[in-house]
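Read the structure below first, then the notes.
Values in this text are rule-based calculations from the coordinates and carry no lab data. On a predicted model such as this, the values are computed, not experimentally measured, just so you know. Quick reminder, even Gly has a Cβ in these numbers, built from the backbone with ideal geometry, and neighbours come from all protein chains shown.
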Amino acid sequence: MVRISCDFWFEASHRLGRDEWSPEENERIFGACARLHGHSYHLRVTLRGPVDPITGMVRNFAEVKRVVHERVIRRVDHQDLNAVVGGLTTAERITVWVAAQLLPEFGDRLYGLELWETRTASVSLGPEELAALQSTARAEG
C-alpha cells in the first residue's frame with residue numbers, strides 16, 4: 001500500500017456562536033472568534049491504496065485534485081462557512097464536513113484529512129475516524 005497526498009488552499013470567513021446564546025455568552029465562550037473573521041485554510045487530502053500495475057498510480061493526482069475542487073474547494077473558497085457548512089464552524093466540524101463530501105468518491109481509500117486553520121493550528125482525521133464516519137453515513141443513508 002502507498003499513500004499519496006494533495007494540498008489545497010482556500011480563503012473563507014466564519015463566526016463561532018450559538019444562536020440561542022446572547023452575544024455576551026458567545027463572546028465569553030468563543031472570544032474574538034464570536035465575531036465574523038476569516039482564515040487562509042490549508043487542506044491536505046491523503047489517499048491510500050495499492051499501486052495499479054498498469055498505470056503505476058494509486059490514483060491520478062489530476063483526478064484527485066478535480067474531485068476535491070468540485071466537492072469542496074469551489075463550495076468554500078471565498079464563502080461564509082456558516083452558510084455552507086452550517087452550525088458551529090469549528091475547524092473540527094469543518095474537517096468532518098469535508099470528509100462527508102469526499103467519502104462518497106474516495107471511500108476507504110481516503111486515508112487522512114488535515115485542515116490548518118492557521119499556520120500553527122490544525123485538525124486531522126485518520127483512517128479510524130474516517131472509517132467510523134463512513135459507517136455512520138452508510139447506516140444513516
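For the pair Thr118 and Ile29, the difference between a 0.36 nm per residue extended length and the Cα-Cα distance amounts to 30.1 nm. For the peptides 24-35, 83-94, residues were scored by their other Cβ atoms within 10 Å and the scores averaged per peptide; the highest-first order is 83-94, 24-35. A helix-only calculation puts the chain at -10500 deg cm²/dmol for mean residue ellipticity at 222 nm, using -39500 (n - 2.57) for each DSSP H run of at least four residues, averaged over all residues.
Ordering Val123, Trp97, Pro53 by Cα displacement along the dipole of the chain toward the positive end leaves Pro53 in first place; charges were set at the Cβ atoms of Lys, Arg (+1) and Asp, Glu (-1). For the chain, the relative contact order comes to 28 percent (Cα pairs under 8 Å, sequence separation of at least 6).
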